[in-house]
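Student: I'd like to ask some things about the structure below.
The values are calculated or read from the model by the stated rules, or taken from the named source; none is laboratory data. Just so we're clear, the structure is a prediction, and the values are computed from it rather than from any experiment. Virtual Cβ from ideal backbone geometry, glycine too; neighbours counted across all protein chains shown.
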Amino acid sequence: MTTVPAFANCHSHVFHRALRGRITGADSFWTWRDQMYALAGVLDPDLLFDLARATYAEMHAAGIRSVGEFHYLHHRPDGRAYDDPNAMGEALIAAAREAGVRIALLDTCYLAAGFGLSTGSRSRAVEGVQQRFTDGDADAWAARVDDLARKHAGEYDVVIGAAIHSVRAVPRDQLATVAGAFPDAPLHVHVSEQPAENEECLAATGLTPVALLAEAGAWTPRTTAVHATHLTPDDVATLGDARSYVCFCPTTEAELADGIGPSVALRDAGARLTLGSDSNTVIDMFAEARAVEMHQRLASGVRGAWSAGQLWQAASSTGHESLGFAGGDLIEIEESVRTAGADEVLWAASAEDVLSTGSRSGAGSRTDAARDLQAAIDACWSRT
């Protein structure tokens with residue numbers, strides 16, 4: 001057996017796991033999003049717990065010991081708060097604990113449906129299922145998250161962090177409130193995932209998303225830019241100068257036709273790479289790590305931009321650090337991989353080669369996780 005560092009999955013939308021294999025043929029990210037919203041509209045705390053528990057058990061079996069959950073399903077489908085305003089977040093924390101995975105709950109501020117270009121207003125009001133994402137304004141969001149953070153302060157397996165969903169979803173005059181609300185906690189933000197996002201931001205503000213977030217003071221060494229796919233050279237320099245983390249999610253970015261991000265330029269500028277499974281189309285951190293190098297080869301025509309050691313660091317120690325955790329455990333790889341050491345394992349192994357050690361609840365075997373997961377997915381789709 002080969003012993004290697006446990007993985008950190010730094011960007012997850014756990015409920016997207018129910019979309020795997022069902023949403024195909026959508027012609028762009030935006031049509032895929034419409035179908036994802038249909039799923040988001042049917043979840044309640046109990047069903048979210050069941051789906052998350054099984055998905056986190058799948059992550060545990062794949063060698064993941066820390067997850068950054070980018071969480072924006074806060075309220076009832078009509079926008080009213082649950083009796084416990086953090087019921088959905090608490091369901092995710094409980095699910096991760098039962099699966100034996102540490103969770104950085106990145107509670108996400110989401111206040112608008114987009115830039116108000118067609119109406120001349122600063123932003124468009126939330127609509128449809130987005131009503132359950134919003135707290136009304138950044139101050140109300142911060143107050144709700146502060147209650148959650150106080151409750152879980154000092155717990156070894158839970159970090160309460162903050163997130164800006166995107167520059168589309170948080171108006172310009174409220175970005176700074178979110179960026180500064182929890183100065184000692186991780187801050188994550190989707191940025192420049194799609195060209196249309198950049199174009200709309202430029203038209204509305206005259207700035208790129210990275211520059212707009214810089215204006216708000218968002219870029220610090222505790223901040224993670226998620227995706228960062230379509231950047232200008234100035235954007236790359238901004239993220240590098242801030243020593244921010246940049247989380248690439250290559251399997252999702254490929255599945256959604258997002259594009260190939262400038263991983264080497266960001267690294268050379270001083271940004272720190274982490275990795276995530278995002279929509280959980282694949283839960284395999286070996287695949288995510290390899291894809292950074294493989295995509296770079298496709299884009300450049302040159303091999304060897306990323307070494308195995310650099311990718312291990314991104315997938316483990318740097319990732320745990322970006323979520324507010326110390327380094328993770330060690331995991332063991334099946335002897336059948338037939339490799340000589342950790343570097344070779346990175347290029348050769350898959351999630352299936354991780355020796356499953358079970359979760360604290362005893363629900364960690366692949367068979368049990370698959371059974372529970374299928375039941376939760378079936379329950380989700382029976383409601384749509």
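Student: For the structure I just gave you, tell me whether Thr252 is hydroxyl-bearing (Ser, Thr, Tyr), assigned to a helix (DSSP H, G or I) and at pLDDT below 95.
Tutor: yes
Student: Just to be sure before I move on: is Ser118 hydroxyl-bearing (Ser, Thr, Tyr), at pLDDT below 95 and surrounded by fewer than 20 Cβ atoms within 10 Å (Cβ to Cβ) in the structure I sent?
Tutor: So Ser118 fits the description; yes.
Student: Let me ask something additional. Limited to region 61-75, what total is found for residues that are farther than 10 Å from Ile331 by Cβ and among the charged types (D, E, K, R)?
Tutor: Count: 1.
Student: Is there a residue being closer than 26 Å to Gly217 by Cα and crowded, with 19+ Cβ neighbours inside 10 Å anywhere in region 77-97? Steps first, answer last, please.
Tutor: At the first step, the residues of region 77-97 found to be closer than 26 Å to Gly217 by Cα are none.
No, because not a single residue in region 77-97 is closer than 26 Å to Gly217 by Cα and crowded, with 19+ Cβ neighbours inside 10 Å.
Student: For region 1-112, which helices (runs of 4 or more DSSP H) that fit wholly inside it have 1 or more residues that are of a type outside the set (Ser, Thr, Tyr) and modelled with pLDDT of 95 or more?
Tutor: Values: elements: 29-40, 45-61, 87-99.
By residue number, 45-61, 87-99.
Student: Moving on to the next point. Of the conditions (1) at pLDDT below 95; (2) of a type in the set (S, T, N, Q); (3) within 14 Å of Ile64 (Cβ to Cβ), Ser365 clears all except one; give me its number.
Tutor: Checking Ser365 against (1) at pLDDT below 95; (2) of a type in the set (S, T, N, Q); (3) within 14 Å of Ile64 (Cβ to Cβ), the one that fails is (3).
Student: Return the pair list, or none, for Cβ contacts closer than 9 Å from residues in region 83-102 that are polar (S, T, N, Q) to residues that are crowded, with 23+ Cβ neighbours inside 10 Å and assigned to a loop (DSSP other than H, G, I, E, B), at least 6 apart or on different chains.
Tutor: If the second residue must be crowded, with 23+ Cβ neighbours inside 10 Å and assigned to a loop (DSSP other than H, G, I, E, B), the pairs left are Asn86/His74.
Student: Right, something else. Criterion first (in contact with a helix residue (DSSP H, G or I) (Cβ under 6 Å, 6 or more places away or on another chain), within 21 Å of Ile103 (Cβ to Cβ), crowded, with 17+ Cβ neighbours inside 10 Å and at pLDDT 90 or above) does Ala349 satisfy it?
Tutor: No: the conditions fail for Ala349.
Student: A follow-up question, please. How about region 279-306: which of its residues are assigned to a loop (DSSP other than H, G, I, E, B) and either crowded, with 23+ Cβ neighbours inside 10 Å or touching a residue at least 12 places away in the same chain (Cβ under 8 Å) (or both)?
Tutor: Ser279, Asn280, Thr281, Val282, Ile283, Asp284, Ala305, Trp306
Student: Anything in region 207-237 that is farther than 18 Å from Thr274 by Cβ, hydroxyl-bearing (Ser, Thr, Tyr) and in contact with a helix residue (DSSP H, G or I) (Cβ under 6 Å, 6 or more places away or on another chain)? List them, or say none.
Tutor: Thr208
Student: Still on this structure: Could you look through region 208-248, keep only residues that are on the phi > 0 side of the Ramachandran plot and not in a strand (DSSP E or B), and pick out the one that is surrounded by the fewest Cβ atoms within 10 Å (Cβ to Cβ)?
Tutor: Gly217
Student: Take Asp34 and tell me if it is surrounded by fewer than 23 Cβ atoms within 10 Å (Cβ to Cβ) and farther than 23 Å from Arg383 by Cα.
Tutor: Numbers: surrounded by fewer than 23 Cβ atoms within 10 Å (Cβ to Cβ): yes; farther than 23 Å from Arg383 by Cα: no.
Answer is no for this residue.
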